[in-house]
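Each reported figure results from applying straightforward, stated rules to the coordinates on display, with no laboratory input. Everything numeric in this text was worked out from a predicted model, so none of it was measured. Cβ atoms come from the backbone with ideal geometry, glycine included; neighbour counts cover every protein chain shown.
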Amino acid sequence: MGKKRFFANHSKSSALVVSLAIHAVLIVVAISFVAVKVIIKPEPDFVAKRMKRPKMPPKKLQVPVDVKKRKPKPRLRKRIVSQQKTFTDIKMPEITGVKGGLGNMGGDGLGSLGFDMDIGDLFGGNKSMGGNELTGTFYDLKQSYKGKPTGMDQGRFYAALASFAKGWNLGRLDEYFQAPKKKYATFFMIPTISSSKVTEAFGVSDTVEAVFWAAYYEGHISAPETGHYRFMGYGDDILLVRIKKRLVMDASFEPYRSKLYTGWTSDADNNRKYPIGGQRLFIGDWFRLTKDEPVKMEVLLGDVGNISSFQLLIEKRGVQYRQASYSYKEGDETITGTRPVLPVFKTKEIPDNQELIGQMKINPNQVTLEGPVFGVVK
């Protein structure tokens, strides 16, 4: 009864309280809903407005970058595989002109394999093979450089070569016809041959008669050892040798030698005593060479025709050479004695070619092919 009376007496107040309570609940619910909506509201997607940008040329990278070099990929060769066949043994032809076999890597001839494919002839090879040769030029004194006859005879021939021999001025020879072909000599070991072999060697046998001709050789040599050297030689008809612009030997055959007026005479006691190829050797003057020091060498060959012969040996002071006995007739007297067996002068090893060596007609009691090499290029 007490409670009912209380609500009856306070009915308006109670309704107010209830109304406030309901509103309070609604407010709390509304606030919670709004808070949740704010917290979990997803971020809006912003789409940028498309803008046209000017195209700029690319700039080089200014910052140094350590880029490793990439090795190029090797090119692969196509491999062709054929069906297997049975091969018979193939015999390779014998190779001549190889000094010391394939193991010789001295640079002679073809590349540095030791091949000497340009054997040439007694007057030299047909091309330079390494720079150790003396270059030879052939002159026909019967015609001028324009091809006109010069009226050459023996007297004029001697006078022309005597004029050249005074100062070795090549201008004296340039007045005459020159063979276009050069020869490259590494030795002078030419026995008695027909003079026509000379024009054949220089490639002018069809246009030049082998009379009243001269051949001038020049180049540089160097000694394998320091010391004093001298030449021994013989020429038919004319053989002159100069070293360092000094005439060291006139081995020309008489009477041509006396008509050249070179003024050279040998001071050797054994001059013209040692036989070689049916003749006797002239002995030249001593001259000094320093090891591996290049010096100029000049050789003049000449002939009035018929037959020719030019042989040049070398001797070093102080060397003990093999001795051989000799004998020859001089009038009614027989001359006998002993002599040194000297090496052929050479600027390269002489090719081991039996045909070429056979043409030299070497007498082992007079000459040897073994000996020093005077080439500039070692």
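What the pair-distance distribution of segment 149-226 shows, using all Cα-Cα distances binned every 10 Å from zero, is 13, 42, 36, 8, 2 percent.
For the listed residue pairs K316/K378; K182/K291; K348/K378; K127/K181; K146/K166, the alpha carbons are over 21 angstrom apart in K182/K291; K146/K166. Loop-located GluC sites (Glu not before Pro) in segment 301-378 (DSSP state other than H, G, I, E, B) with a sparse environment of at most 15 neighbouring Cβ atoms within 10 Å: E370.
Here the gap between R156 and E200, fully extended at 0.36 nm per residue and compared with their Cα-Cα distance, gives a gain of 13.4 nm. Annotation for Y145 and S327: the two label points, set 7 Å from Cα along the Cα-Cβ direction, are 5.5 nm apart. Placing a label point 7 Å from the Cα of F287 along the Cα-to-Cβ direction, the residues of segment 338-354 whose backbone N falls under 16 Å of that point are 345-347. For Q354 and E225, a Förster radius of 51 Å and the Cβ-Cβ distance give a FRET efficiency of 0.95, rounded to the nearest 0.05. Between N270 and W168, the modelled labels are 2.7 nm apart [label points 7 Å from Cα along Cα→Cβ].
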